[in-house]
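FYI, it's all coordinate maths here, none of it is from the lab. Every value quoted in this text rests on a predicted model; they were computed, and no experiment measured them. Positions of Cβ are backbone-derived with ideal geometry, glycine not excepted, and every protein chain shown enters the neighbour counts.
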Amino acid sequence: MQQNPHFLILLLSLILLPLIFSEAGRNTNLTGGWTPMGNINDPHVTGIAEFAIDEYNKQSKASLKLVKVVKGETQVVSGTNYRLVLNADDGTAEKTYEAVVLEKAWQNFKSLTSFNPIDG
């Protein structure tokens, strides 16, 4: 008895599609989206924050000093973007900033993409 190929495709689709969609629903992070960091106290994260402040100080002739990383997210691109909320002291007061750093670890490359004060 010969099977109808259209019937087999339909049958496989009905069996496999719910499995595919159930797996997709478990991953709430979109490709290219921002993902919260698990450990903002990791020495690598602190190093990224210090790099951001050093670069900002060079570019703007400021003298900020890192106090602490408050929050962090990563984004996988052609490398890793780090978006950090950090507290820094300017010599008169502690202020909050958002810094974005692109890192390509395999090239030993880092670049400060943005560094902005956060009102609040």
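Under a model in which nothing but the beta-carbon of Lys, Arg (+1) and Asp, Glu (-1) is charged, the range 57-120 shows a dipole of about 220 debye around its Cα centre. Under 13 Å from the Cβ of residue 88, count the other residues' Cβ atoms, weight Lys and Arg +1, Asp and Glu -1, and hand me the total. Neighbour charge sum, excluding residue 88 itself: -4. Between residue 76 and residue 89, the modelled label-to-label distance comes to 3.9 nm, taking each label 7 Å out from Cα in the direction of the beta carbon.
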